[in-house]
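First comes the structure, then the notes that go with it.
The values are calculated or read from the model by the stated rules, or taken from the named source; none is laboratory data. This structure is a prediction, so every number in the text was calculated from the model and none was measured. Because the Cβ atoms are built from the backbone with ideal geometry, glycine has one as well, and the counts that use them run over all protein chains shown. Quick note on the areas: whole protein, heavy atoms, side chains included, nothing else; ligands and nucleic acids left out. Shrake-Rupley method; radii C 1.70, N 1.55, O 1.52, S 1.80 Å.
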Amino acid sequence: MEIFNYLAEHNHEEVIFWSDKTAGLRAIVAIHSTVLGPALGGCRMWPYVSEEDALLDVLRLAEGMTYKASLAGLDFGGGKAVIIGDPARDKSAALWQAFGKFINSLHGRYITGEDVGTTVVDMALVHQSTPYVVGLPKTEHGSGDPSPVTAFGVYRGIRACCRACFGSDDLRGRTVAVQGLGKVGAHLARLLAQDGARLVASELNAERAAKIALELGIKLVPPDDIYEVKCDVFAPCALGAVINDTTIGRLRCRIVAGAANNQLADDQLGFELAERNILFAPDYVINAGGIISIGSEVGAFDAQTAWHKTSAIYDSLLRIVALSREEGVPTHLAAHRLAQARIELVKQEHAFFAGRPAINPK
Ligand code: NAD
């Protein structure tokens, strides 16, 4: 991988590698941008096949966090951490202590939190070595599991997309196909069911699926069949890159709107969705409830405000759709332009005030 070329092309500020042999820690932090504030983003633990895979993942995720914070109106930049390891096997108190020391050495330029493969309990252990961690358990005055807030944001986003597509955000009688009934997917399904949506879902964990399906009256389909379900909304709430060259031609929906990060395997697929007249809710916009929720821990706003800010995902999506129609570009590009515009504005403000005395000397 041509690392410096990649950093220059995507405007990353910094990448830091950290190794602690005794604790078994191999971690990478990518700081994409600190223009809006300290870089905020979770720590993913994953048994990456190669170090290059881990590096690429952290770089992509960190960049996504910059745009996510920008469009959510948060004063945070974008960053992310990855730990190379198996979350089921390689966790230990020593590992989290070493990771906490690493994060502390960055003096707040990056604030970590939970992500795939890590939990609020892990973050409580990290907190023993650094204050620069959010997403702590409620018992430690943290905001706890962000999934309910994330699901609420996705629900609001789905309604906004329905309004943009069908002229009404009423979900009664609309069919939503949910991929993954995990923490976010299950909360989302509950909110959609309350509004009278018809639900179809797929989930790898058969026991979990059966329990939730029974509770909410969901029709379950085998995992690979979810792409071909005839529906109004396809809501990916499992893994990333599910919109790819193999799946895109199988979709029978009008809207793709779900919680999963990096749903498009590459940006070109955003153009293809638009050509197929499928409205795509950019993932970092619609799933921002989680970062808004954990952002409340650093004291800028309270938990109640986090729900209000998450509710405003509805308006953000309508703005993105309007810009996309005005400029004739797909929604993923419109979102990128809006996120970048806020960052550029703040950059210009920084440049304007740089070197000026804070108080008029007269
Ligand atoms: P989770 O692990 O609780 O749920 C994911 C579920 O998807 C699991 O139940 C898993 O069995 C299922 N699954 C995996 N592969 C599948 C497949 N091919 N078909 C059907 N089901 C499959 O994770 P989560 O916290 O609910 O997050 C879901 C997605 O949303 C992830 O991509 C995550 O990165 C993203 N996200 C989550 C949050 C949050 O607050 N939790 C915030 C932002 C983004």
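The table that follows gives values for the structure above.
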quantity: Verdict on Asp283 being outside the structural domain of Gly135 (by TED's automatic domain parsing) and either more than 9 Å from the ligand (Cβ to nearest atom) or out of contact with any Pro (no Cβ under 9 Å at 6 or more places or on another chain) (or both); calculated: no
quantity: Candidates His107, His32, filtered to the one that is closer than 30 Å to Tyr314 by Cβ and modelled with pLDDT of 95 or more; calculated: His32
quantity: Test for Leu192: is it farther than 22 Å from Val321 by Cβ, crowded, with 23+ Cβ neighbours inside 10 Å and in contact with a helix residue (DSSP H, G or I) (Cβ under 8 Å, 6 or more places away or on another chain); calculated: no
quantity: Number of positions in segment 237-246 that are assigned to a loop (DSSP other than H, G, I, E, B) and surrounded by 20 or more Cβ atoms within 10 Å (Cβ to Cβ); calculated: 3
quantity: Pairs with Cβ under 6 Å, 6+ apart, first in segment 204-231 and within 13 Å of the ligand (Cβ to nearest atom), second basic (Lys, Arg); calculated: Tyr227/Arg250
quantity: Subset of segment 90-121 [of a type in the set (A, V, I, L, M) and over 23 Å from Ser296 (Cα atoms)]; calculated: Ala93, Ala94, Leu95, Ala98
quantity: Looking only at segment 265-279, and only at residues there that are among the hydrophobic types (A, V, I, L, M, F, W, C) and more than 15 Å from Ala238 (Cβ to Cβ), the one that is most open to solvent (accessible area, probe 1.4 Å); calculated: Phe271
quantity: Residues located in segment 247-262, provided they are part of a loop (DSSP other than H, G, I, E, B) and closer than 13 Å to Val233 by Cβ; calculated: Leu251, Arg252, Cys253, Arg254, Ala257, Gly258, Ala259
